[in-house]
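Report on one structure; see the data block that follows.
The values are calculated or read from the model by the stated rules, or taken from the named source; none is laboratory data. The model shown is predicted, which means the values in this text are computed figures rather than measured ones. We place every Cβ from the backbone using ideal geometry, glycine too, and count neighbours over all the protein chains shown.
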Amino acid sequence: MAWQSLDIQRRSATTTPAPGARQATEVAKLIDISQCIGCKACQVACMEWNDLRGEVGHCAGVYDNPGDLDSQTWTLMRYTELENNGRLEWLIRKDGCMHCQDPGCLKACPAPGAIVQYANGIVDFHQENCIGCGYCITGCPFNIPRLSEKDHKAYKCSLCSDRVAVGQSPACVKTCPTGALHFGSKEAMKDHAEHRIADLKSRGFSNAGLYDPPGVSGTHVMYVLQHADHPEWYSGLPRDPKISPWVGIWKGLAKPLAIGAMAAITLASLFHYIIKGPNEVSKETEKEVENETRS
Amino acid sequence: MRRDPNDLDRYTASERVIHWVVGISFILAGLSGLALFHPAFWPFTMLFGSSIWTRILHPYFGLLMGVAFLVMAVWFWRLNRMNRVDWEWLRRVGEMVNGNDEHMPEQGKYNGGQKLLFWLLLFGTILLLFSGVVIWRAWFHFDINQVRLASVVHAAVAAVMIGLIMVHIYASIWVKGTIRAMWYGTVTRAWARQHHRAWYRYMTGLGNGQSR
Ligand code: HEM
Ligand code: SF4
Ligand code: SF4
């Protein structure tokens, strides 16, 4: 038996239900962008806790460093300089897995147990089952998983499932010096976000709001945005993320249709043979051919 | 070695070899691909060493199949040009399936069904090659929307092609005396007269025959 905090509710490439008797509390991380100063302590804490050491890259002239998520970088601060109504705003988003309630990565993954969703909502990759096909990248609406060039396994933020399992908060949350990161039950995080949004509204950010996109049935990583009406301002945070309809067809309709057709052809062939018998050259033709060949 | 001096040559050794290369690589690509398509087929990964080897090997099986099929298509396309009689044959394929083939229109080396199969497989192979390359993450990095579209195309075309090949294999089992054409390259005269009468006359010089 697994730990209650790590009970699995969904497993990639598995068609039967997971054990579901125990009711775990859904958890969430809340990223309050309005309180983030972009110090990257969380990025460092993630490397520390998860023993990740990317290669030293080079500065591209902006604070984003490294330039993108990779197998050694599971969370990344992305900086946007926005001129809005004659004011400069520095929008800093902590990018990483959103831990979707309806995860496109898990839906697309062909390897049983390479991706799981725990009952508390965390989506975790189990690299020992991963075959390196990259379907999770194809399925993810947030462009998160990355294949390692070295071991050809997919990696992403685990929401520190190992820490959460023993009642700790994720390393990034533990480290954040300004209180921009919070962790707890999803309900508590929503309540906290409401207070923050009310505060932002009272300070003139009339479009402040919570980012918990319904297109993926909500996420277990949520943002408080000053401009919830323009999520794309925050380094291209998708406005209405959903699993792509192509992925939906590929992983939905295509499967029963293809299997049904193959089964039908197999059975039709078998019964055709049994009902009609083999198509043999007739005795008559054999005789005619003998005559024609002799003459 | 020839069992009967009257047997007709249907395939040369190199034609048979390329067909077996296509056939074997198609089955390997099909089994390794299906393993990733649906969990019900996951046990097929055991045939290839491991699930990871299945993922690594599949595109190479596919590439081999695709390239070998294109070579074969270059050799065979002339014989597969459709004519009026072929469409007539296809319209009446129901009689054939019913087992009453006496009244079917006379056929050259290939019947309308075989020709149609040829063109469908050629079209499908080209689609599989293109879409397969787009989703091959070991070597290529295409735009995510192209990868998503190619994933659907690859899976759907593969499923259709596997269906067509199942019909192709069944037809060769159902029509007795056919499979030997792919073993020894010859068929009996009676087989040719019954199933491909115009070709039979062409090969034996009896009356106005037709190669296709
Ligand atoms: C022509 C060259 C081909 C290439 C380059 C290619 C490449 C690929 C790639 C990259 C994948 C994803 C899994 C992986 O990374 O191994 C895949 C999946 C697949 N391929 Fe191919 N392939 C080719 C031909 C074929 C052929 C001939 C068949 C059919 C018999 C086939 C059937 C499949 C199937 C059924 C899947 C699984 C699709 C899914 O997961 O839904 N492929 N192929
Ligand atoms: S953000 Fe992407 S990787 Fe994370 S759970 Fe959602 S679909 Fe999966
Ligand atoms: S790369 Fe690994 S985790 Fe991603 S879909 Fe393939 S098997 Fe699943």
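Listed values, structure above:
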item: Filter pass, A:PRO145 being near ligand 3 (Cβ under 9 Å from one of its atoms) and crowded, with 22+ Cβ neighbours inside 10 Å; result: yes
item: Flag if A:VAL173 is assigned by TED's automatic domain parsing to the domain that holds A:TRP49 and within 15 Å of ligand 2 (Cβ to nearest atom); result: no
item: Of all residues making up region B:56-98, the number that are in contact with a His (Cβ under 9 Å, 6 or more places away or on another chain) and either farther than 14 Å from B:THR125 by Cβ or aromatic (Phe, Trp, Tyr) (or both); result: 4
item: Cross-chain or 6+ apart pairs with Cβ under 8 Å, region A:4-15 first and farther than 18 Å from B:THR45 by Cα and within 14 Å of chain B (Cβ to nearest Cβ), then in a strand (DSSP E or B) and hydrophobic (A, V, I, L, M, F, W, C); result: A:ARG10/A:VAL116; A:ARG11/A:ILE115; A:ARG11/A:VAL116
item: Hits in region A:245-265 (condition: more than 7 Å from every other protein chain (Cβ to nearest Cβ) and either assigned to a helix (DSSP H, G or I) or surrounded by fewer than 13 Cβ atoms within 10 Å (Cβ to Cβ) (or both)); result: A:PRO245, A:GLY248, A:LYS251, A:LEU253, A:PRO256, A:LEU257, A:GLY260, A:ALA263, A:ALA264
item: Complete set of residues in region A:266-295 that are more than 8 Å from chain B (Cβ to nearest Cβ), over 19 Å from B:GLY94 (Cβ atoms) and surrounded by 12 or more Cβ atoms within 10 Å (Cβ to Cβ); result: A:GLU290
item: Test: A:CYS136 is within 14 Å of ligand 2 (Cβ to nearest atom), touching a residue at least 12 places away in the same chain (Cβ under 8 Å) and either closer than 23 Å to A:PRO214 by Cβ or not hydroxyl-bearing (Ser, Thr, Tyr) (or both); result: yes
item: Candidate set: region A:115-133, residues that are in a loop (DSSP other than H, G, I, E, B) and away from ligand 2 (no atom under 12 Å from the Cβ); chosen: the one nearest to B:ASP143 (Cα to Cα); result: A:CYS133
item: Test: residue in region A:86-108 that is touching a helix residue (DSSP H, G or I) at 6+ places or on another chain (Cβ under 8 Å), surrounded by fewer than 17 Cβ atoms within 10 Å (Cβ to Cβ) and of a type outside the set (S, T, N, Q); result: no
